[in-house]
Amino acid sequence: MLHLFCPYCQELREENEFHYRGQAHIVRPKDPESLSDKEWGDYLFFRNNSKGIHHEMWYHVSGCRRFFNVTRNTVTYEIYETYKIGETPAVTDKEETE
Amino acid sequence: MSRYSVFSLFRHALSHHENWQKVWRNPTPKDVYDVVIVGGGGHGLATAYYLAKEHGITNVAVVEKGYLGGGNTARNTTILRSNYLWDEAAHLFEHSMKLWEGLSQDLNYNVMYSPRGVLNLGHNLQDMRDIERRVNANRLNGIDGEVLNAKQVQEICPLLDCSERARYPVLGASWQARGGVARHDAVAWGFARAADSLGVDLLQQTEVVGIRRHEGAVCGVETNRGFIAAKKVACVTAGSSSLLAKMVGMELPIESHPLQACVSEPIKPILDTVVMSNAVHGYMSQSDKGDLVIGAGIDSYTGYGQRGSFPVIEHTLAAICEMFPDVRRVRMNRAWGGIVDTTPDASPIISKTHIPGLYFNCGWGTGGFKATPGSGNVFAHTVAKDEPHPLAKPFSIDRFHSGHLIDEHGAAGVAH
Ligand SMILES: Cc1cc2nc3c(=O)[nH]c(=O)nc-3n(C[C@H](O)[C@H](O)[C@H](O)COP(=O)(O)OP(=O)(O)OC[C@H]3O[C@@H](n4cnc5c(N)ncnc54)[C@H](O)[C@@H]3O)c2cc1C
Ligand SMILES: [Zn+2]
């Protein structure tokens, strides 16, 4: 059972109150009309699926109903930090340069 | 390899079963192989077997970081069926179903294939409409299927609460009589033994840590036991597939999630079929040993820890207790998780890549055990001929760029 600290509610709550919403920091294409099939496919379907440090979006569905970000270890499930949308994570993987 | 038979059993009884031959060799790696298969789960072993048997390619190694069949193959709930909605998936899974039917004889190993029938329950009108649509699609594809009403379901499965006071009322079900279960370990071991006897080297405790290329094409794998040269490398590593792809700078449309199951203490036979429910997310069968085998859903979040989240298994067990009130007091023996490789369309990837000599077979997610023979069979063809098997063609990785997805979220809905 994960315990997530909602940065809006400022409370540590159980996993059941939240929905996982996938990899964080995926930028919506600015000019969708000009994307190639390759770029569309990459944007829609390809994820980094990291083993280790992972930045991801969560939705506080049974709480404030807001989205926020989490840095989590996908092997140990340790949660390093939670932060608001628009903020940058403090914990990052050395390999993550993009 | 000496064949297993009633006579060999009898002969070995005379020497108190102390002289049975080792089931497979434990070879030291050769310098170079025609094909290195990464991953010694059911799919990797089946690929090796069909490469040797149907394509005469026997200079093959299966490289496994742990022990054979210790990944999802060992962790799954062994349910077999082929009632998928879309033509592409239905043909692929039906190809596998046909292979199950003769597999024990083909491998000379009892895989305990048991066509005991699979019920997919409908609890509301939309479930029933979906069931009708799927069964009709199946029948058009020559796959057996029937739509049953609640009374017929009750006749097939007296244990299930089909009464009007049920928490999750049963309106009907789809029924695939040829579906059922097979013994997971036996499948891995049977393919392993048969492949070994055709000359395939099974290299256990050998982890691939890098994929080496020469002038753009694959030339071998780096392992914890040194470099092994190979003309072709075929990755069949389920939940670890993204990590293999990263070794050559590739990304896959795959996310790895824990998927859980549990078994009860062994009890007397009470359930002789497989019952699954998409809507409440739980399914159950009874093993020949007597354990109730119960499958849950995937954790919503990605993870590589081979255990799942408690709320998920709790949710499933709550549903099972409502569906089968008689088993409420049965104690659970073990619960575990495996890392499943889910794709955006819940269909697998059986594919060449842009790198010559590199192939992937993955994305089977929550439901690839049933496909073990078929997957190995079409993937062996793809690797041997460097051209997709006709049944594998729609499952190429290109579909995530062309848009030709094969959306099986409905038929693959409950995790099995
Ligand atoms: C709880 C659970 C229940 C399931 N129930 C069903 C079911 O009822 N019916 C059904 O059809 N399917 C089911 N599945 C899905 C099914 O188990 C899988 O789709 C199928 O077994 C995958 O087989 P595989 O051979 O591809 O993978 P695996 O058996 O996982 O084999 C992959 C192998 O690759 C090895 N490997 C990984 N990385 C490396 C490396 N770097 N070097 C060397 N080796 C490596 C691993 O050690 C592993 O042995 C279930 C899965 C789970 C977890
Ligand atoms: Zn909140």
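The values are calculated or read from the model by the stated rules, or taken from the named source; none is laboratory data. The structure displayed is predicted, hence computed values, not measured ones. Positions of Cβ are backbone-derived with ideal geometry, glycine not excepted, and every protein chain shown enters the neighbour counts.
Condition check ((1) farther than 19 Å from B:Leu119 by Cβ; (2) assigned to a loop (DSSP other than H, G, I, E, B); (3) within 14 Å of chain A (Cβ to nearest Cβ)) across all residues:
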| residue | (1), (2), (3) |
| --- | --- |
| B:Ala261 | no, no, no |
| B:Pro266 | yes, yes, no |
| B:Asp272 | no, yes, no |
| B:Lys289 | yes, yes, no |
| B:Ser300 | yes, yes, yes |
| B:Gly305 | yes, yes, yes |
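The condition (being in the same structural domain as B:Asp34 (by TED's automatic domain parsing), in contact with a helix residue (DSSP H, G or I) (Cβ under 9 Å, 6 or more places away or on another chain) and over 21 Å from B:Ser240 (Cα atoms)) is satisfied by just one residue among B:Ala371, B:Ala384: B:Ala384. State whether one or more residues within the range B:232-251 are surrounded by 18 or more Cβ atoms within 10 Å (Cβ to Cβ), assigned to a strand (DSSP E or B) and charged (D, E, K, R). Yes, the range B:232-251 contains at least one residue that is surrounded by 18 or more Cβ atoms within 10 Å (Cβ to Cβ), assigned to a strand (DSSP E or B) and charged (D, E, K, R).
Just one of (1) over 16 Å from the mean Cα position of the chain (by Cα); (2) within 14 Å of chain A (Cβ to nearest Cβ) fails for B:Thr237. It is (1). Would a scan of the range B:143-155 turn up a residue that is surrounded by fewer than 18 Cβ atoms within 10 Å (Cβ to Cβ), in contact (Cβ under 8 Å) with a residue 40 or more places away in the chain and not hydroxyl-bearing (Ser, Thr, Tyr)? No, every residue in the range B:143-155 fails to be surrounded by fewer than 18 Cβ atoms within 10 Å (Cβ to Cβ), in contact (Cβ under 8 Å) with a residue 40 or more places away in the chain and not hydroxyl-bearing (Ser, Thr, Tyr). Among the residues of the range B:286-297, are any free of Cβ contacts under 8 Å to residues at least 40 places away in the same chain, buried (at least 22 other Cβ atoms within 10 Å of the Cβ) and among the polar types (S, T, N, Q)? Yes, the range B:286-297 contains a residue that is free of Cβ contacts under 8 Å to residues at least 40 places away in the same chain, buried (at least 22 other Cβ atoms within 10 Å of the Cβ) and among the polar types (S, T, N, Q). One residue stands out in the range A:22-63 among those that are more than 9 Å from every other protein chain (Cβ to nearest Cβ) and crowded, with 16+ Cβ neighbours inside 10 Å: the one that is farthest from B:Met247 (Cα to Cα), namely A:His60.
Table: residues versus (1) more than 22 Å from the chain's Cα centre (by Cα); (2) closer than 19 Å to B:Lys232 by Cα.
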position: B:Leu9; (1), (2): yes, no
position: B:Val36; (1), (2): no, yes
position: B:Tyr49; (1), (2): no, yes
position: B:Leu92; (1), (2): no, no
position: B:Lys98; (1), (2): no, no
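In the range A:62-75, the residues that are free of Cβ contacts under 8 Å to residues at least 12 places away in the same chain reach residues that are away from ligand 1 (no atom under 16 Å from the Cβ) and part of a strand (DSSP E or B) with C-beta atoms within less than 9 angstrom, at least six apart or across chains, in these pairs: A:Arg65/A:Tyr59.
Under the condition of being within 16 Å of ligand 2 (Cβ to nearest atom) and in a loop (DSSP other than H, G, I, E, B), the residues counted in the range A:1-23 number 6.
Kindly indicate whether A:Glu95 is part of a loop (DSSP other than H, G, I, E, B) and either modelled with pLDDT under 95 or within 13 Å of chain B (Cβ to nearest Cβ) (or both). Criteria met by A:Glu95.
The set of residues in the range B:346-367 that are assigned to a loop (DSSP other than H, G, I, E, B) and either buried (at least 22 other Cβ atoms within 10 Å of the Cβ) or not assigned by TED's automatic domain parsing to the domain that holds B:Pro390 (or both) comprises B:Ala346, B:Ser347, B:Pro348, B:Gly357, B:Gly363, B:Trp364, B:Gly365, B:Thr366, B:Gly367. Would it be correct to say that A:Glu87 is away from ligand 1 (no atom under 16 Å from the Cβ) and either surrounded by 13 or more Cβ atoms within 10 Å (Cβ to Cβ) or of a type in the set (A, V, I, L, M) (or both)? Here the answer is no, as A:Glu87 does not meet what is asked. Any residue at all in the range B:164-179 that's within 15 Å of B:Leu85 (Cβ to Cβ), in contact (Cβ under 8 Å) with a residue 24 or more places away in the chain and in a helix (DSSP H, G or I)? The answer is no, given that none of the residues of the range B:164-179 is within 15 Å of B:Leu85 (Cβ to Cβ), in contact (Cβ under 8 Å) with a residue 24 or more places away in the chain and in a helix (DSSP H, G or I).
Within the bounds of the range B:360-383, is there any residue that is of a type in the set (A, V, I, L, M, F, W, C) and within 14 Å of another protein chain (Cβ to nearest Cβ)? Yes; the residues of the range B:360-383 include at least one that is of a type in the set (A, V, I, L, M, F, W, C) and within 14 Å of another protein chain (Cβ to nearest Cβ). Which residues, taken from the range B:390-405, are buried (at least 20 other Cβ atoms within 10 Å of the Cβ) and over 11 Å from B:Ser351 (Cβ atoms)? Passing the criteria: only B:Leu391.
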